[in-house]
Amino acid sequence: MTQLHDMTALEQAAAVRARDVSPVELVDHYLARIEELNESVGAFITVTPERAREQAAVAAQVVVDRVDLAPLHGVPTAIKDLQLTAGIRTTLGSAVYADYVPPVDDHVVTLLRRAGTISLGKTNTPEFGLPCYTEPEVAPPARTPWDLSRSAGGSSGGAAAAVAAGLVPFAQGGDGAGSIRIPASVCGLYGIKVSSGRVSNGPVRGDVTGLAWCGPLARTVRDAAVMLDAMAVPMPGDPHWPAPPASGTFLAAAGQEPGPLRIGRSITPVIDVEVDPECLRAYDATTALLASLGHDVVDVAPPFDAGLKESFITLWSVLAAGVPVGPADEHRLRPLTRVLRERGKATSAPAFTAALSAIQHGTRLAIAATAHCDVVLTPTLAQLPRAVGSFRDDADPWAEFDELAAFTPFTAPYNATGQPAVNVPIQWTDGGLPVGVQLVGRPHDEATLISLSAQLEAAQPWVGRSPLMW
């Protein structure tokens, strides 16, 4: 029998408008699932049942009183615990911030509420969102529902675990080096890393490096597209306002045929690491599917210089150092966080601007090298989902960092270029583990990626696949 969590977010919104289901029923259903399953998957750091039920009751009355409803009226979601939420604790995945309650909402939180969604709480994230696994001191590890011995990835690991386990229909994530695409791949979800500036980082956080941006994690392309429509609203003072899609909305793009595209295949990672045969198999199978759909798939030369890794580490370290932590609390941070902050604090202004210039120069060359392609195809990850606890190396944090880089060599370069990129959950191993592939678009062209992804979803549907706990 179909249950409420079997419905997509858009189906839930339509059911609310038709009065076939109430926001109260949806919220209660998902809160019950969180109560049952969250301890297993480690999706939420903080659950807010009272607030969610209050908002659901108001939303239910609005359905009675009004015809004109927000597009996602009454649909539950969740907010990553790196985003500021007024009156709700925001830990940043760190023991240092375990009791921090911010006075303001991030713009993305306000915009999702304006679109009608009801947040059920804050999803699990690693300390300051720095590593690509989610095992903070303030919460249990986030695990992929497909194999609870394995990590849900990071840094949006809790958001991905929540969606993949059916604890919310979609969730907000953020991506600074792959932090949406990585957990989307290991949890079998569709995730969008947006173009630089597409979603506001305000009102507090700046965009000094241009690496990290909020985006959606969902089971379907259409759900991710409508969530992106809700988030992608220019806010006063934003330094970047990419043009809206020609289709008008990203949801409309999901309903359009992409037409024949030139798709460049790139399998060589930016650093010298071995790519797992299962990741290669998924990449080749997707290549064959794209060709069968009429696209011109061609090999392209590796567009990135491996020397950019050091410049990226410099920017990442400066970002880590920018999180306010008092001297008396530094020792409470994870070893990896501490070494990154130490490097960031030791970076001079000339060294930082040199690294930023090197990244910008290298990425301009990379974009030019693939300008003859509409889309670039790569693996999302170089390895299958990793065991919980297998990355952490407190004795040698830089060795841990190298392990993280070897796991995710295909994602961070496109944070540097600012191009949109998505994980498409179109392949699985024979043993039942999801293996994503990455599609990268032209600058500011999420619409083509969404249209192409919807075509792939129609040709080889994945939404019917679900883990045993579903």
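The set of residues in segment 199-248 being open to solvent by less than 50 Å² (accessible area, probe 1.4 Å), of a type in the set (D, E, K, R) and touching a residue at least 40 places away in the same chain (Cβ under 8 Å) consists of R219, D223, D229, D238. Here V186, V104 are screened, and the one residue that is assigned to a helix (DSSP H, G or I) and either over 20 Å from R33 (Cα atoms) or open to solvent by less than 10 Å² (accessible area, probe 1.4 Å) (or both) is V186. If you check V24, V63, V47, V67 for being open to solvent by 30 Å² or more (accessible area, probe 1.4 Å), at pLDDT 95 or above and more than 23 Å from A152 (Cβ to Cβ), only one passes: V24.
Would you point out the residue of segment 363-385, among those that are touching a helix residue (DSSP H, G or I) at 6+ places or on another chain (Cβ under 8 Å) and assigned to a helix (DSSP H, G or I), that is nearest to E446 (Cα to Cα)? It comes out as I367.
Applying the condition of being touching a residue at least 40 places away in the same chain (Cβ under 8 Å) and out of contact with any strand residue (DSSP E or B) (no Cβ under 8 Å at 6 or more places or on another chain) to segment 13-35 and asking which residue is nearest to A162 (Cα to Cα) yields R33.
Quick check: is even one residue across segment 449-460 open to solvent by less than 10 Å² (accessible area, probe 1.4 Å) and either on the phi > 0 side of the Ramachandran plot or in contact with an Asp or Glu (Cβ under 6 Å, 6 or more places away or on another chain) (or both)? No, every residue in segment 449-460 fails to be open to solvent by less than 10 Å² (accessible area, probe 1.4 Å) and either on the phi > 0 side of the Ramachandran plot or in contact with an Asp or Glu (Cβ under 6 Å, 6 or more places away or on another chain) (or both). Flag: T220 does not match the condition of being within 20 Å of the chain's Cα centre (by Cα) and at pLDDT below 95. Among the residues of segment 28-44 satisfying the criterion of being open to solvent by 20 Å² or more (accessible area, probe 1.4 Å) and among the small types (G, A, S), which is nearest to R114 (Cα to Cα)? The residue in question is A32. Cβ-Cβ contacts under 8 Å between residues 6 or more apart (or on different chains), taken from a first residue in segment 262-278 that is charged (D, E, K, R) to a second residue that is in a loop (DSSP other than H, G, I, E, B) and open to solvent by 50 Å² or more (accessible area, probe 1.4 Å), are listed as R262/H372; D272/A306. Of L315, L319, all but one fail to be open to solvent by less than 50 Å² (accessible area, probe 1.4 Å), touching a residue at least 12 places away in the same chain (Cβ under 8 Å) and under 24 Å from the mean Cα position of the chain (by Cα); the exception is L315.
Does A18 qualify as being at pLDDT 95 or above, closer than 18 Å to G129 by Cα and either touching a Ser or Thr at 6+ places or on another chain (Cβ under 7 Å) or surrounded by fewer than 20 Cβ atoms within 10 Å (Cβ to Cβ) (or both)? No, not satisfied. The listed residues are D402, D329, and the only one of them that is farther than 26 Å from P434 by Cα and at pLDDT 95 or above turns out to be D329.
Taken over segment 280-308, the criterion of being touching a residue at least 40 places away in the same chain (Cβ under 8 Å), farther than 14 Å from V437 by Cβ and part of a strand (DSSP E or B) is satisfied by V298 alone. Looking at the structure I just gave you, is A395 within 21 Å of the chain's Cα centre (by Cα), surrounded by fewer than 14 Cβ atoms within 10 Å (Cβ to Cβ) and at pLDDT 95 or above? So A395 fails the test.
Select from segment 323-353 the residues that are within 22 Å of D99 (Cα to Cα), free of Cβ contacts under 8 Å to residues at least 24 places away in the same chain and of a type outside the set (A, V, I, L, M) and list them in ascending order. Correct list: P324, G326, P327, E330, H331. The residue list L111, L82 contains one member that is open to solvent by less than 10 Å² (accessible area, probe 1.4 Å), at pLDDT 95 or above and within 23 Å of M235 (Cα to Cα), which is L111. Among the residues of segment 377-387, at least one is more than 21 Å from L290 (Cα to Cα) and loosely packed, with under 15 Cβ neighbours inside 10 Å.
I'm checking my understanding of the structure. Among residues of segment 341-376 that are over 18 Å from I271 (Cβ atoms), open to solvent by less than 40 Å² (accessible area, probe 1.4 Å) and of a type outside the set (K, R), which one is nearest to the chain's Cα centre (by Cα)? Only one residue fits best here, namely V375. Restricted to segment 91-101, and to residues there that are more than 18 Å from the chain's Cα centre (by Cα) and open to solvent by less than 10 Å² (accessible area, probe 1.4 Å), the residue that is nearest to D229 (Cα to Cα) is T91. Within segment 312-362, the set of residues being in a helix (DSSP H, G or I), out of contact with any helix residue (DSSP H, G or I) (no Cβ under 9 Å at 6 or more places or on another chain) and over 17 Å from G210 (Cβ atoms) comprises P327, A328, A349, P350.
The values are calculated or read from the model by the stated rules, or taken from the named source; none is laboratory data. Just so it is clear, the model here is predicted, and its values are computed rather than measured. Positions of Cβ are generated from backbone atoms using ideal geometry, with glycine treated the same way; all protein chains shown enter the neighbour counts. In case anyone asks, the SASA skips ligands and DNA or RNA and just uses the protein heavy atoms, side chains included. Shrake-Rupley method; radii C 1.70, N 1.55, O 1.52, S 1.80 Å.
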